[in-house]
1. Tell me the residue from Glu159, Glu208 that is touching a helix residue (DSSP H, G or I) at 6+ places or on another chain (Cβ under 8 Å) and surrounded by 15 or more Cβ atoms within 10 Å (Cβ to Cβ), please.
2. Mind telling me which of the residues Leu165, Leu187 ends up being in contact (Cβ under 8 Å) with a residue 24 or more places away in the chain and either surrounded by fewer than 20 Cβ atoms within 10 Å (Cβ to Cβ) or closer than 23 Å to Gly106 by Cβ (or both)?
3. Which condition number in (1) more than 28 Å from Ser248 (Cβ to Cβ); (2) in contact with a Lys or Arg (Cβ under 7 Å, 6 or more places away or on another chain); (3) crowded, with 24+ Cβ neighbours inside 10 Å is the one that Ala114 fails?
4. Within the bounds of the range 278-291, is there any residue that is buried (at least 17 other Cβ atoms within 10 Å of the Cβ), touching a residue at least 24 places away in the same chain (Cβ under 8 Å), in the same structural domain as Met199 (by TED's automatic domain parsing) and within 10 Å of Pro136 (Cβ to Cβ)?
5. Looking at the range 252-305, which of the residues that are out of contact with any Asp or Glu (no Cβ under 8 Å at 6 or more places or on another chain) and of a type in the set (Val, Ile, Thr) is farthest from Phe164 (Cα to Cα)?
6. Select from the range 242-253 the residues that are buried (at least 20 other Cβ atoms within 10 Å of the Cβ) and over 18 Å from the mean Cα position of the chain (by Cα) and write down the one among them that is farthest from Pro303 (Cα to Cα).
7. Within the range 213-225, does at least one residue satisfy the condition of being within 21 Å of the chain's Cα centre (by Cα), among the hydroxyl-bearing types (Ser, Thr, Tyr) and at pLDDT 95 or above?
8. Report whether or not Ala180 is among the small types (Gly, Ala, Ser) and at pLDDT 95 or above.
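The values are calculated or read from the model by the stated rules, or taken from the named source; none is laboratory data. These numbers were taken from a predicted model, which means no experiment stands behind them. Cβ atoms come from the backbone with ideal geometry, glycine included; neighbour counts cover every protein chain shown.
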Amino acid sequence: MREIGIGIVGGGYMGKAHAVAHSAVGAVFETVLRPRLEMVCATTDARAEQYRAAYGFARATSDWRMLVDDPRVNAVVIAAPQALHRQVALAAIARGKPVFCEKPLGETVEDAAAMTEAAESAGVVAMTGFNYVRTPATQEAIRLVRSGAIGRVTWFRGEHTEDFLADPETPANWRTRGRANGTMGDLAAHPINCALALMGPIESVLAEIETVHATRPGPNGPEDVTNDDQAQMILRFANGAMGHLHSSRVATGRKMGYAYEIHGTAGSIRFDQEDQNALHLYRAEGPEAGRGFTKILTGPAHPPYGAFCQGPGHGTGYQDQIIIEARDFLAAIEVGASRFPTFRDGLDVQRVVEAAWTSSDEHRRITLTRDT
């Protein structure tokens, strides 16, 4: 085993998750590369020092350039707002340093394309942080679909619904300002990534995107909400299947509604992240009277569950998804080849988001162009 110095840009919610993951991943997966928490960057020196002491980093800075340039930082994790993603990633790639960037990859398609082109041209490991697709249950769903267990897929429904802004009296904050921070720039990226992983490329999209609560309480009176609360998309996949996606931050009662349902000619699959350790499988076989959905509780037979726990049904949690991401990032660095989801996978998601906005703005179906 050998050490690798990790620098994390951003020490808040996701920065902490990645710091904890890199502290634990070597023990959980016995990785060849063992992370060393070398440096954390935050908006002020005081905040950076707070994160350093709390998470166990060797050093702290308020200048992300210092972190990227530091020779003891061998790989960079970007857990800062997406407005910083492009410049931090390009700087790290220019220095030949592997990059793990939280979703969405950039504020725009142009950002994501520039980051992807730079990483691929330089041959640098570059991956995007879609954590929910890594649960053992969803990995099993991907395996079942690809193995033909439910036959030819004919339909997909996906959602990511939460209620953290369902109350119209919740005060305005950074999430209610700017298109990139709305539902399409935040929650929608996850079910789009899920749809691409399970179903393959999206051929066309017809979307409606709206703001449900136009104003919210502000420090000086009502403040306009300048981004979207919810969206729905009708999809056609390149494999011919139909699909529907729904994303909302005003879905009263939903806390982690990352869910999907897939219909095939020989069966169906259902999943809901609020019960993330269970997958529901229906097989169209045997006498009709005995058919029904089977609840599969994940366990060591569903990789990478066994690295966390030897007891079936005991369950994995949110932080474990981030540890799996760290494992994948380290494994990619070890062999010098990016793993799914790569920057290009992040770019594919960004292209669907942009097509959905165009569709909603122009009230028409948009056909997506595919790389050749």
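1. Glu159
2. Within the list Leu165, Leu187, the selection yields Leu187.
3. (3)
4. Within the range 278-291 (the criterion being buried (at least 17 other Cβ atoms within 10 Å of the Cβ), touching a residue at least 24 places away in the same chain (Cβ under 8 Å), in the same structural domain as Met199 (by TED's automatic domain parsing) and within 10 Å of Pro136 (Cβ to Cβ)), the answer is yes, since at least one residue qualifies.
5. Filtering first and then ranking leaves Thr265.
6. Val250
7. no
8. The answer is no for Ala180.
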